[in-house]
Amino acid sequence: MQILQVSAKGTVLVGLPRKGATREPVLIKTARRDALCDPRGRDAIWALQREHQRLRQHERLSGIPKAGAFLHNPDETAAALIRPYINGPTLIERWQAADGNTSACRATLANWHKQAAVTVEALHAEALIVLDLSP
């Protein structure tokens, strides 16, 4: 496992396959019951389940990751969203790389930005607003 982020509401990990396994790495997002409730009393599990539902609803669009699986532990105090891990640098990492100021890198970044814009436009066409374009 590789830990990407830890917070009060949950953890984000990359599950790496065992040596010799044919499986690909997976992204594992966890959520805890009663963690970071909003004013309506909805907690991190609710937010993670909603993320999974939205991914399932729109995964047919280009640029939207596969939804994966949403699982609860037996006593429902925690949940996990397990989906394919998309390997590679983030936009910020690529831009800050040693060759980030070359024309080849700028062309790559421009293409990535164009793909992100197309995806956001497709989501807007389905009456969805994108609030977070984090890496």
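The ellipsoid equivalent to the alpha-carbon distribution of the chain has semi-axes of 28, 20, 15 angstrom, derived from the gyration tensor eigenvalues as √(5λ) and listed largest first.
Cβ-Cβ distance of R60 and I3, R₀ of 30 Å, FRET efficiency by 1/(1 + (r/R0)^6): the value works out to about 0.45. For region 23-135, the solvent-accessible area with a 1.4 angstrom probe is 70 square angstrom per residue.
Helix 103-125 axis versus longest C-alpha principal axis of the chain: approximately 50°, rounded to the nearest ten. How far is helix 44-58 tilted, in degrees, relative to the longest principal axis of the Cα atoms in the chain, given as a value from 0 to 90 rounded to the nearest 10? Orientation of helix 44-58: about 50 degrees from the principal axis. Expressed as a whole percent, the accessible area of the chain that falls on carbon and sulfur atoms is 55 (1.4 Å probe). Estimated from the Cβ-Cβ distance and a Förster radius of 30 angstrom, the FRET efficiency linking R18 and N73 is about 0.85.
The values are calculated or read from the model by the stated rules, or taken from the named source; none is laboratory data. Model, not experiment: these values are computed from the prediction. Neighbour counts run over all protein chains shown; Cβ positions are idealised from the backbone, glycine included. Please note that ligands, DNA and RNA were not included when accessible areas were found on the heavy atoms of the full protein model with its side chains. Shrake-Rupley method; radii C 1.70, N 1.55, O 1.52, S 1.80 Å.
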